[in-house]
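Chemist: The structure follows.
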Amino acid sequence: MNRETAGPDRPLVLVVDDYLEAREICAEYLGFHGYRVVTAEDGLQALDKAFEVLPDVILMDLSLPELDGWAATRRLKADPRTSGIPIVALTGHAMSGERERALAAGCDDVITKPVVPKELLAEVERQLARRGEAVGDEG
Amino acid sequence: MTPVAIAQRRTPDPGGGAEQRRLELVDALLAAGDGEACAVTALDWLARHCGVERGLCAVVDRAAGALVGVAGHGLPASLAAAFRIDLAARDHPLAVVLAGHEPVHFRRERGKSGPQIVTPLGDHPFLAVPIHSGGGDRPIEHGLLLLAGAAEPAREREACWAAAVLGIRLAALELPLGLAEERRHERELTLLRRGLETVTDPILITDAEGRILVANRRAEQLLTAEDRMSEGRRRAVAMNNMLFSAAAFTGGPGDEPTRRELLLVDPIEGEDLLFELLSTRFEVGRGETGTVSILRDVTDLRRASQEIEDNYRRLRIAEARTRAERDRLDLILDAALDPILVTDREGNLARLNPPAERLFAVPDAADADADAAERRVRANDVVLTSFLSELAAAQSDRLRGELTLTDPVSGESIPMEARAANVVSRQGEVTAVVTIFHDLSEAVEKERLYEQVKRHSEELERRVREATAELAEQNEVLRRQTLELEQASALKSQFLANVSHELRTPLNAIIGYAALLLEGISGELAEPQREKLNRLESNAQSLLAIINDLLDIARIEAGKMALDVLSFDAVELIDEVMAEVEPLIDRSRLDVTREITDEIPELASDRQKVKQILINLLSNALKFTPRGAVWVRAGFDPATDLLRVAVVDTGTGIRPENRISIFEAFGQSGGSVLRRQGGTGLGLSISRRLARMLGGDIHLESEVGVGSTFTLELPRMSMES
């Protein structure tokens with residue numbers, strides 16, 4: 001029982017996935033570990049939410065309706081408001097090229113599905129640490 | 001001979017004009033052939049040179065014992081011939097003169113009596129000159145010259161000289177033999193001479209020494225020289241004499257006459273003359289012999305005969321040539337395979353070559369078919385005749401037609417092409433007709449065969465066309481099928497991709513929820529629940545692996561597996577692989593060793609795919625080795641420029657019969673193993689396909705119960721941009 005209580009000071013994670021269960025697993029697991037979580041189910045929604053809440057980390061599924069993950073990532077990285085937010089891509093199958101394409105689109109890292117909850121948590125913490133360092137450097 | 005002849009002509013040269021005159025007389029007398037001629041000659045000479053106006057020559061006729069007139073000048077011949085004095089009257093003044101040696105003048109003296117001398121000279125005074133020969137004490141009395149008008153002493157002297165010369169000449173003419181006989185002889189001689197002269201062929205008589213005794217004018221022209229002749233003529237005559245004496249008769253009297261050819265030169269015309277010399281020897285008397293030579297001019301004859309001979313020879317040559325030409329023509333005709341026949345204008349057969357003979361000549365065979373053959377030959381003849389009559393009626397000299405003849409032996413019909421042509425002489429007359437047949441049956445047969453071939457080839461062409469069309473149709477079908485297959489394949493790939501995505505998404509959710517439950521997020525789990533949840537998670541993972549492998553196979557088969565060639569450090573990659581399978585290694589409790597045997601250069605290849613292959617090989621080794629060790633040995637062969645990574649295990653080994661099938665999809669040796677080990681059975685198949693896509697391969701060495709070695713061989717690929 002290491003469940004932490006979510007509070008307004010806890011880091012905010014945006015989970016983007018068109019599959020409800022996938023969103024729920026991530027949200028529940030991260031929430032369980034004390035993160036605030038917002039979700040989006042397509043690319044356009046992802047952009048809206050990102051600009052609206054300015055999350056600390058974005059977990060982005062790449063195959064999305066409306067606007068795919070690559071395009072959404074490029075848009076967020078191109079925008080000064082969101083360009084600093086780490087984006088971790090979630091891909092279905094780690095075939096050659098997919099990882100590279102994700103990195104080329106601006107993703108900071110790639111996680112291959114199925115997501116192992118522990119790895120996901122470690123990744124989010126690593127990204128937050130990197131960002132914290134950067135923020136720390138600034139401040 | 002010539003010298004002889006000339007010597008004969010020579011007389012003592014009296015000198016001066018008188019001498020010249022005398023020489024003239026001698027020449028003339030010598031030319032005169034008989035006594036009468038001599039008398040005429042002498043009288044003529046006296047008339048011209050001694051002023052004799054009338055003259056009479058009388059000679060002694062010893063048989064008759066009388067002095068008779070033989071020739072006269074200035075008086076009628078009848079008077080001269082009528083003059084006669086009986087020599088028995090010795091006191092006749094003229095008989096006295098004859099017996100004496102001196103000339104006597106007679107002058108009619110008027111009123112004086114005495115014996116009257118009646119002469120044809122009339123009342124004119126005349127001089128009587130005795131003609132004697134021999135001289136000395138026994139001269140031969142030949143006769144008298146009674147000359148009127150030669151009253152001068154000088155003329156008298158000349159008359160006496162002339163009488164003397166005449167006497168010598170008459171003596172030479174052997175007048176003393178008796179006048180009657182002499183005259184007969186003389187006449188005969190004259191006749192002979194004249195006869196000889198009329199003969200145009202040269203005739204001459206020579207003595208034993210070759211001197212010419214008698215020669216006619218033609219012979220003299222050729223063989224006797226005269227002073228007044230030109231040098232050229234003289235030389236020609238000298239040469240002729242030489243040639244003649246060389247060819248002259250050499251036998252004795254009574255021998256057969258010889259007949260030789262003699263080539264002489266005409267001294268006047270300068271032409272070569274060919275003579276046939278006929279000569280024979282005869283007894284002249286007193287042991288002497290003479291030779292009679294008759295030269296027959298055969299120049300023209302020879303020329304003519306030469307010409308005839310030449311013509312004959314030319315004729316022979318022409319004939320030989322004609323014969324050769326005909327033989328050659330015969331050879332050609334005989335060699336020709338087509339029947340050729342030559343007919344005359346009336347259509348009668350003149351010449352047949354053997355092929356024509358076969359058609360138009362009755363065969364010799366005496367068998368039963370002979371009649372039939374003859375009938376057929378006659379039928380052929382009729383066909384030919386009607387064809388030739390067509391030619392005769394035609395305006396042209398040529399005619400072509402197609403006829404049908406019958407083979408006389410076999411009775412077969414032979415279609416023939418016939419070509420007939422008139423042979424036209426230079427005068428425009430048709431001398432012959434040549435007809436050439438050409439057997440068309442072969443041509444007809446050829447045409448038939450050609451038609452057949454054409455028909456077959458058309459049929460063939462049609463079939464080929466049909467087959468081609470069919471083929472094209474099939475091709476089209478195939479193309480469509482291929483297209484459909486390709487589309488199907490693409491659809492399949494797409495379908496698989498979609499299906500695997502659709503499968504994976506809920507599967508991922510299952511795995512995720514299982515993970516959440518195992519994490520205890522939804523509350524603590526009892527141990528049996530945790531155990532069942534672990535099984536659920538493990539099976540979900542297996543299912544996911546199968547789906548992923550299927551997707552890979554589908555992509556490879558669809559050619560959709562893109563290569564991404566990069567340069568990377570192979571050793572680093574091996575370490576990465578080892579790290580990734582570490583959970584498996586830990587679980588296997590095997591002794592896993594990494595060995596790098598060579599200096600390994602940077603490798604250019606698709607890193608992700610190499611990694612996938614190595615993970616597969618290593619995880620297989622770990623799965624199928626119950627106990628013992630696993631080695632990962634990397635080496636580089638500079639000779640072949642190949643990277644080799646061998647994964648060696650001490651596992652169960654693979655039976656030879658399975659060593660190929662394990663590389664095939666779902667080919668793991670034995671389905672039970674799959675289930676026990678949790679492999680998909682697609683790993684090796686995917687690995688080998690990937691290795692081959694990268695230009696390399698995977699080799700297997702194995703021994704059942706000892707272990708297996710899977711070796712990945714990879715070339716360094718060229719970097720693509």
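Where a number appears in this text, it was derived from the coordinates with a stated rule and is not lab data. Quick caveat: nothing in here was measured; it's all calculated off a predicted structure. Cβ sites come from the backbone with ideal geometry, for glycine too, and all protein chains shown count toward neighbours.
Chemist: Please report how far the C-alpha centroid of segment A:110-125 lies from that of segment B:290-304, rounded to the nearest whole angstrom.
Modeler: 161 Å
Chemist: What is the calculated FRET efficiency for B:ALA639 to B:GLN452, with r their C-beta to C-beta distance and R₀ = 51 Å, to the nearest 0.05?
Modeler: Using R0 = 51 Å, I get an efficiency of 0.15.
Chemist: Subtract the Cα-Cα distance of B:GLU357 and B:ARG259 from 0.36 nm times their separation in residues, and report this length gain in nm to one decimal.
Modeler: Here the answer is 29.3 nm.
Chemist: Here's something else I'd like to know. So how much slack lies between B:ALA443 and B:ASP44, counting 0.36 nm per residue of separation and subtracting their Cα-Cα distance, in nm?
Modeler: Net length gain for the segment: 132.7 nm.
Chemist: With no solvent and one point on each alpha carbon, what is the Debye value of log10 I(q)/I(0) for the protein assembly as shown at q = 0.05, 0.06, 0.10 Å⁻¹?
Modeler: Here log10 of I(q) over I(0) equals -0.66, -0.75, -1.16.
Chemist: List the lysines whose alpha-carbon lies under 19 Å from that of A:LYS113, not counting same-chain residues fewer than 8 positions away?
Modeler: B:LYS609, B:LYS611
Chemist: Still on this structure: For a footprinting-style exposure proxy, rank B:MET242, B:MET578 by other Cβ within 10 Å, fewest first.
Modeler: Ascending Cβ contact count within 10 Å gives the list B:MET242, B:MET578.
Chemist: Relative contact order for chain B using alpha-carbon pairs under 8 Å, separation at least 6, rounded to a whole percent?
Modeler: Over chain B, the number comes to 6 percent.
Chemist: How many nm separate the modelled label positions at B:ASN539 and B:ILE308, each set 7 Å beyond the Cα in the direction of the Cβ?
Modeler: If labels sit at B:ASN539 and B:ILE308, their model points lie 15.0 nm apart.
Chemist: Now, a different point. Which order do A:TYR19, B:TYR450, A:TYR29 fall in if you start with the one that has the fewest other Cβ atoms within 10 Å?
Modeler: B:TYR450, A:TYR19, A:TYR29
Chemist: Using Cα atoms only, what is the angle between the long axis of helix B:179-198 and the major principal axis of chain B, expressed in degrees (0 to 90) to the nearest 10?
Modeler: That helix lies at roughly 20 degrees to the long axis.
Chemist: What share of the DSSP beta bridges in the protein assembly as shown is antiparallel, in percent to the nearest 5?
Modeler: Just about 80 percent of them are antiparallel.
Chemist: Could you state the number of Å between the C-alpha centres of segment B:187-252 and segment B:684-699?
Modeler: 143 Å
Chemist: Could you tell me the extents of segment B:336-439's C-alpha atoms along the three principal axes, largest first, rounded to whole Å?
Modeler: Projected onto its principal axes, the Cα set of segment B:336-439 covers 49, 24, 23 Å.
Chemist: Follow-up. Non-local amide H neighbours of B:PHE83 (under 5 Å, H modeled in plane, Pro and chain starts lacking H): which ones?
Modeler: B:GLY69
Chemist: First check a/c for segment B:541-649, with a ≥ b ≥ c the square roots of the eigenvalues of its C-alpha gyration tensor; if it is under 1.5, answer rounded, and if not, answer prolate when a/b is larger than b/c or oblate otherwise.
Modeler: oblate
Chemist: Debye sum, Cα scatterers, segment B:423-495, no solvent: what log₁₀ I/I(0) at q = 0.26 1/Å?
Modeler: Taken in order of the listed q values, log10 I(q)/I(0) reads -1.05.
Chemist: So how far, in whole Å, is the C-alpha centre of segment A:45-85 from the one of segment B:571-634?
Modeler: 38 Å
Chemist: What angle do you read, to the nearest 10 degrees and between 0 and 90, between the alpha-carbon axis of helix B:231-247 and the longest principal axis of chain B?
Modeler: 80 degrees
Chemist: Show the residues, 5+ positions off or on another chain, whose built amide H is closer than 5 Å to the amide H of B:ASP606.
Modeler: B:LEU566
Chemist: Another question about this same structure. Taking each pair of different alpha-carbon atoms in chain B once, compute 1/r for the pair, average those values, and report the inverse of that mean as the Kirkwood hydrodynamic radius in Å to one decimal.
Modeler: 43.9 Å
Chemist: Based only on other Cβ atoms within 10 Å, what is the fewest-to-most ordering of B:VAL26, B:VAL284?
Modeler: The most exposed by this proxy come first: B:VAL284, B:VAL26.
Chemist: So if I average 1/r over every pair of distinct C-alpha atoms in segment B:562-715 and take the inverse, what Kirkwood radius in Å does that give?
Modeler: 15.6 Å
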